[in-house]
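Following: one structure in structure tokens, then a few remarks.
The values are calculated or read from the model by the stated rules, or taken from the named source; none is laboratory data. Everything quoted here is computed from the prediction, not taken from an experiment. Positions of Cβ are backbone-derived with ideal geometry, glycine not excepted, and every protein chain shown enters the neighbour counts.
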Amino acid sequence: MGIFDFLTGEFIDVIHWTDDTRDTMVWRFEREGHEIKYGAKLTVREGQAAVFVHEGQLADVFTPGLYLLETNNMPVMTTLNHWDHGFESPFKSEVYFVNTTRFSNLKWGTKNPVIARDPEFGPVRLRSYGTYSVKVSDPARFLQEIVGTDGEFTMDEISYQIRNIIVQEFSRTVSRAGIPVLDMAANTRELGQLVAREIAPRLAEYGLELPELYIENISLPEAVEAVLDKRTSMGVIGDLSNYMKFQAAEGLTAEGGAGGAGGAGSLQAGVGAGIGLQMAREMQSQGPWGAAPAPKPAAPPPPPPSESVWHIAEAGETKGPFSRASLGRMATDGTLTRATLVWTAGQDGWKTAGEVTALAQLFTIAPPPPPPGS
């Protein structure tokens, strides 16, 4: 190679990146010795940013555009400034191209159920999955915090960490939201926006942002869903007596259609038996010789309600159980006050006696005045 060809190679240098992988986030421009020549042209396309690292330190970030690297004020050192070293400059510079477009249709989901307290069903276990998109918002910070010196960084290398952050924030948000399970399907959009808002500060530390987060499904365990389906079926059936009659009629019709001529006879016999049974029941209800039906025996009274028993917390110890009558005597002698912490089965945590309606009445009944001369 002649000296002219050698110098031409030193003057002509085009730095650019065209990505056709769809999953590469950062790509380092490879040059032998990481030397950037004087007068090099840097092309940064839309959806890209170029980060210059000079002698191990981040020097500058270039946004989309065409740049001519020909001044000594640039954060790169050219080989022509050190021609006496045989074009082997001791100053090394690296160019990292960062993809700033959105990486879409990324999947997330809960590996283990999320335990939440439902206002109607109590503690429930929930599973959820959906999609999200992510993009680089701060190329310099992303290079410093995540990429480092990796020459080709793909989305797969960070997607696992982002999924963990989404699942963690989803668990916290669902547990604190207090939305009933049956209403979550109508609030998935709001939940997704709330989770994305909670995640934003953490991703900003990596130079990333989450433009979109979608919750596609929130489900219960299979056993719970089976019970819920039965409950829904009962609501659709409505009157169970009419439903049973309808089922019986359907069964007779199916039997008649399947049996042909013989089935028709069986159908008639079944209908006759049903009519006879219904007439016998009506005659029994009317009494002998068409007399007025005998009065039905009165239903027994319901069992008396079970009395609640109460526990008291004093000085870090639990006392009880006490009946309401016992608590009334304690309120009279001053042992029980409105500020005393009490608890009974079915109550959500400890409450003061003054907050419980059944016990607050004990403090409103004043004793009668003492008799004269006492």
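Just need a number here: residues in segment 168-197 that are among the hydrophobic types (A, V, I, L, M, F, W, C) and touching a helix residue (DSSP H, G or I) at 6+ places or on another chain (Cβ under 8 Å). Give the steps one after another, and end with the answer.
If we filter segment 168-197 for residues that are among the hydrophobic types (A, V, I, L, M, F, W, C), which is where we start, we get 170, 174, 177, 179, 181-182, 184-186, 191, 194-196.
Cutting the leftovers down to touching a helix residue (DSSP H, G or I) at 6+ places or on another chain (Cβ under 8 Å) gives us 170, 174, 177, 179, 184, 191, 194-195.
Residues flagged as among the hydrophobic types (A, V, I, L, M, F, W, C) and touching a helix residue (DSSP H, G or I) at 6+ places or on another chain (Cβ under 8 Å) within segment 168-197 amount to 8.
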Legend entry - Residue within segment 220-240 that is within 23 Å of the chain's Cα centre (by Cα), surrounded by 13 or more Cβ atoms within 10 Å (Cβ to Cβ) and modelled with pLDDT of 80 or more present: yes
Legend entry - Lone qualifier among L210, L182 - being in contact with an Asp or Glu (Cβ under 8 Å, 6 or more places away or on another chain), of a type outside the set (S, T, N, Q) and in contact (Cβ under 8 Å) with a residue 12 or more places away in the chain: L182
Legend entry - Unmet criterion (only one of (1) at pLDDT below 90; (2) surrounded by fewer than 18 Cβ atoms within 10 Å (Cβ to Cβ); (3) of a type outside the set (K, R); (4) more than 17 Å from the chain's Cα centre (by Cα)) for V147: (2)
Inset, instruction - Go through segment 130-167 and count every residue that is small (G, A, S) and not in a loop (DSSP other than H, G, I, E, B). - result: 4
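Let's see how each residue does on (1) of a type outside the set (D, E); (2) surrounded by 15 or more Cβ atoms within 10 Å (Cβ to Cβ); (3) part of a strand (DSSP E or B):
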position	(1), (2), (3)
F97	yes, yes, yes
S104	yes, no, yes
K107	yes, no, yes
N112	yes, no, no
A116	yes, yes, yes
E120	no, no, no
P123	yes, no, yes
Legend entry - In segment 307-325, the residues that are in a loop (DSSP other than H, G, I, E, B) and either under 38 Å from the mean Cα position of the chain (by Cα) or within 30 Å of F121 (Cβ to Cβ) (or both): E307, S308, V309, G316
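Closer than 30 Å to D60 by Cα and either polar (S, T, N, Q) or not assigned by TED's automatic domain parsing to the domain that holds T63 (or both): is that true of I146 in this structure? Step through it out loud before you land on a result.
Working: closer than 30 Å to D60 by Cα: yes; either polar (S, T, N, Q) or not assigned by TED's automatic domain parsing to the domain that holds T63 (or both): yes.
Here the answer is yes, as I146 does meet what is asked.
For every residue, the table says whether it meets (1) part of a loop (DSSP other than H, G, I, E, B); (2) small (G, A, S); (3) surrounded by 13 or more Cβ atoms within 10 Å (Cβ to Cβ).
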residue: L327; (1), (2), (3): no, no, yes
residue: R338; (1), (2), (3): yes, no, yes
residue: G349; (1), (2), (3): yes, yes, no
residue: L362; (1), (2), (3): no, no, yes
Inset, instruction - Only residues that are modelled with pLDDT under 85, surrounded by 19 or more Cβ atoms within 10 Å (Cβ to Cβ) and farther than 18 Å from G65 by Cβ: list them for segment 24-37, please. - result: E35, K37
